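The values are calculated or read from the model by the stated rules, or taken from the named source; none is laboratory data. No experiment lies behind these values; they were computed from the predicted model shown. Cβ placement follows ideal geometry from the backbone for every residue including glycine, while neighbour counts extend to all protein chains displayed. Calculation scope for accessible area: heavy atoms of the full protein, side chains included, ligands and nucleic acids excluded. Shrake-Rupley method; radii C 1.70, N 1.55, O 1.52, S 1.80 Å.
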Amino acid sequence: MSIRVFVPRDTTALALGADAIANRLAREAAARGESITLVRNGSRGLAWLEPLVEVETPTGRFAYGPVALADIPALLDSGMLQGSVTHSLALGPTEEIDYLARQQRLTFARIGITDPLSIEDYRAHSGFRGLEAALQSAPPDIVEEVKASGLRGRGGAAFPTGIKWQTVLDTPADQKYIVCNADEGDSGTFADRLVMECDPYLLIEGMTIAGLAVGATQGYIYLRSEYPLAKEILDEAIAHAEQAGYLGENLCGSGRVFHLEVRLGAGAYICGEETSLLESLEGKRGLVRFKPPLPAIEGLFGLPTVVNNVLSLAAVPFILAEGAEAYATHGMGRSRGTLALQLAGNVKRGGLVELAFGTTLRTLMEEFGGGTLSDKPLRAVQVGGPLGAYLPESQWDLPLDYEAFAAESAVLGHGGVVMFDESVDMAEQARFSMEFCKVESCGKCTPCRIGSTRGVEVIDRIRADQNREANLALLHDLCETMVDGSLCAMGGMTPFPVQSALNHFPDDFQRAANGDRS
Amino acid sequence: MNESREWSSQSIQAEINALRHKPGALLPILHALQDRFGFIPPDAVPLIAESLQLTSAEVHGVISFYHHFRTAPPGRHVVQICRAEACQAVGARQLEAHAKARLGIDYHQTTSDRDITLEAVYCLGNCACGPSVRVDNGVRGRVTPEAFDALLDELQTRPLEVIA
Ligand SMILES: Cc1cc2nc3c(=O)[nH]c(=O)nc-3n(C[C@H](O)[C@H](O)[C@H](O)COP(=O)(O)O)c2cc1C
Ligand code: SF4
Ligand code: FES
Ligand code: FES
């Protein structure tokens, strides 16, 4: 009987050579007279072990990684196809890998296990059970279930998803829309990408449930153009789902309707902001809109629109299938359920870590991350993307919880955790924050558009030791002006990383740009 | 470069006509044009404006707002280096300096042999295994300066037909 061998095909596995590994495995196995069936699965999210090859055995799947081309002959010689654990890259049963076994995977329960495009695989692993439950429920009951789960938006603002849906449900209109925010612009984040590349039907199911809940028949996935593979996989998954009756004019024979289309962004970070995103979907420049009106009332083409992050929508099938309570039992305080954390930057074991809220940042970085990749001491960590604060060691014992972070002027955002070792120059990082804002500002308001340009100049002067103290004072003032006077969080939060660098790493602003720390 | 990249008013109009009836058609049209021709040909602007009942200034405004859209033809390969924080933490700044020096160009420029256009990008979603570089439609991870040089050799010795 042919042995099933899994070689992932997500962006990270491919970036590390997974295609070449798959080809070589097929050739070497054939040369040895072994019959194997290659499955191109999604990634398990253990990026540090990619390419992670798995072999199916009568006692479950066994993992090997990270596999390089040169390792393949020896791996096969060691009995890899029978699940042998003698080779130094052998990791044993996949599900027992500590990094994976210690997670609470609710949203990411399926990634890496299945072939992302196989509807049979999806169904065999509890797929579409949430949709089936939703098709049996009245719209207000679906909304109630999502409210009861305590789910808050995973795109950054943490607004309760059920309440947003209620507003759209309660706003009468002939046409309503579900818009999935798949702009995932934050550095250090890739969880949306993993959902789309490794479990696309999950997002399709979540969006369809949202459509049923609020009475929307058209959905759009606004996907960043930096993710061409996700586009390809989503387009194919949508076509399969239409053929199988999970999308289109007659959902599962119920007579209900939901259409879905992927639209590409075009390399503008600000288009992750929901009103800028809607402008972009309408074919315009991505200028941020004034709020109110809320998108839930006047959204896409002026009609009621749910805008939710990929992870918010991807949490919904579990909630409908297993019940709100099963989701809400996880977490702490007002942060219910699980959070998809993404360990990135200078980290030994980077990847996706889905955990109930409440674990400390230190546990995440040390026990999962294993410290820095460079083995130098960890110095700063930026949580929540380019608008998130840099946290010094004194803040690493914070629990991962929206309110605990907010109390320290920090954010969890979309769950990106970017680690830096001691070689980081925090004045240079602060400069980058301002530069990024300058490049990405939509230009609608002065504090952001002009403030970020001035911010770069002021930091350059500080680093060049021109009037240092006066310019430091100016930088503090400028940050306050941006926080108070910006229309959206681009200008309003860019000061967070800058101020945190100033407050927690003041020495870095006292030395020459490329000089010693003295 | 294959010949379908040659543009004419007819081929531009055909791309526009295939998409003009979609709600919010402008970005899909611009993507289709850039995918086909490598950039947005100048002749496309009045044609799009006419088809979507916009002014040429409005179409220009949209093209210039988005970093992704190019108004000049790129080299045979587009190489994008991730400049964002997670890649900075593992040496992206050194990589970008190395790449510029090695190619002798800055961002948004093309080598004189028209082989490579260099661009900046802010995150490719490969943040656990940076520094990240996108070459045409593929992403590479853990790109050290040495790996970058090997990548260039690979691109410059490849036959042109391989370009997707
Ligand atoms: C500058 C800026 C960039 C943003 N980028 C994203 C993004 O890439 N993805 C996302 O889901 N939300 C992003 N947001 C948040 C959205 O505006 C919005 O809150 C979110 O899409 C709502 O969905 P949720 O409630 O499911 O989180 C961004 C906000 C700002 C101000
Ligand atoms: S803060 Fe910046 S990005 Fe936001 S609306 Fe103002 S100019 Fe645009
Ligand atoms: S652009 Fe708004 S103040 Fe000038
Ligand atoms: S920060 Fe470089 S890939 Fe995300």
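Condition (residue is within 16 Å of ligand 3 (Cβ to nearest atom), within 14 Å of chain B (Cβ to nearest Cβ) and in contact (Cβ under 8 Å) with a residue 60 or more places away in the chain) applied to segment A:445-465: is it met by at least one residue? Among the residues of segment A:445-465, not one is within 16 Å of ligand 3 (Cβ to nearest atom), within 14 Å of chain B (Cβ to nearest Cβ) and in contact (Cβ under 8 Å) with a residue 60 or more places away in the chain, which makes the answer no.
In this entry, A:F505 passes the filter for residues that are open to solvent by less than 50 Å² (accessible area, probe 1.4 Å) and away from ligand 1 (no atom under 16 Å from the Cβ).
Consider segment A:334-353 and keep the residues that are surrounded by fewer than 22 Cβ atoms within 10 Å (Cβ to Cβ) and in contact with a strand residue (DSSP E or B) (Cβ under 9 Å, 6 or more places away or on another chain). The one that is farthest from the other protein chains (Cβ to nearest Cβ) is A:R334.
From the list B:L124, B:L152, B:L118, the one residue that fits, being open to solvent by less than 40 Å² (accessible area, probe 1.4 Å), within 12 Å of another protein chain (Cβ to nearest Cβ) and away from ligand 2 (no atom under 16 Å from the Cβ), is B:L124. For A:A427, indicate whether it is open to solvent by less than 40 Å² (accessible area, probe 1.4 Å) and closer than 30 Å to A:L46 by Cβ. Answer is no for this residue.
Contact map, segment B:3-19: first residue open to solvent by 70 Å² or more (accessible area, probe 1.4 Å), second residue at pLDDT 95 or above and not in a helix (DSSP H, G or I), Cβ cut-off under 7 Å, separation 6 or more or different chains; pairs are B:W7/B:P41.
One residue alone among B:A101, B:A84, B:A72 is under 28 Å from A:P386 (Cβ atoms), open to solvent by 40 Å² or more (accessible area, probe 1.4 Å) and among the aliphatic types (A, V, I, L, M), and that residue is B:A101. Take the residues in segment A:405-423 that are surrounded by fewer than 24 Cβ atoms within 10 Å (Cβ to Cβ) and in contact (Cβ under 8 Å) with a residue 40 or more places away in the chain, then tell me which one is nearest to the other protein chains (Cβ to nearest Cβ). The extreme case among them is A:D421. Would you mind stating whether B:C129 is facing chain A (nearest Cβ under 8 Å), touching a strand residue (DSSP E or B) at 6+ places or on another chain (Cβ under 8 Å) and farther than 17 Å from B:Q34 by Cβ? No; evaluated as a whole, the condition is false for this residue.
Annotation: of all residues in segment A:58-71 being within 32 Å of the chain's Cα centre (by Cα) and of a type outside the set (G, A, S), the one that is surrounded by the most Cβ atoms within 10 Å (Cβ to Cβ) is A:Y64. Among all residues of segment A:382-391, there is at least one that is crowded, with 22+ Cβ neighbours inside 10 Å, of a type outside the set (A, V, I, L, M) and part of a strand (DSSP E or B). Residue count for segment A:427-453, restricted to those that are within 13 Å of ligand 1 (Cβ to nearest atom) and among the aliphatic types (A, V, I, L, M): 1.
Of all the listed residues (A:E34, A:E54), the sole one being at negative phi, surrounded by 24 or more Cβ atoms within 10 Å (Cβ to Cβ) and not in a helix (DSSP H, G or I) is A:E54.
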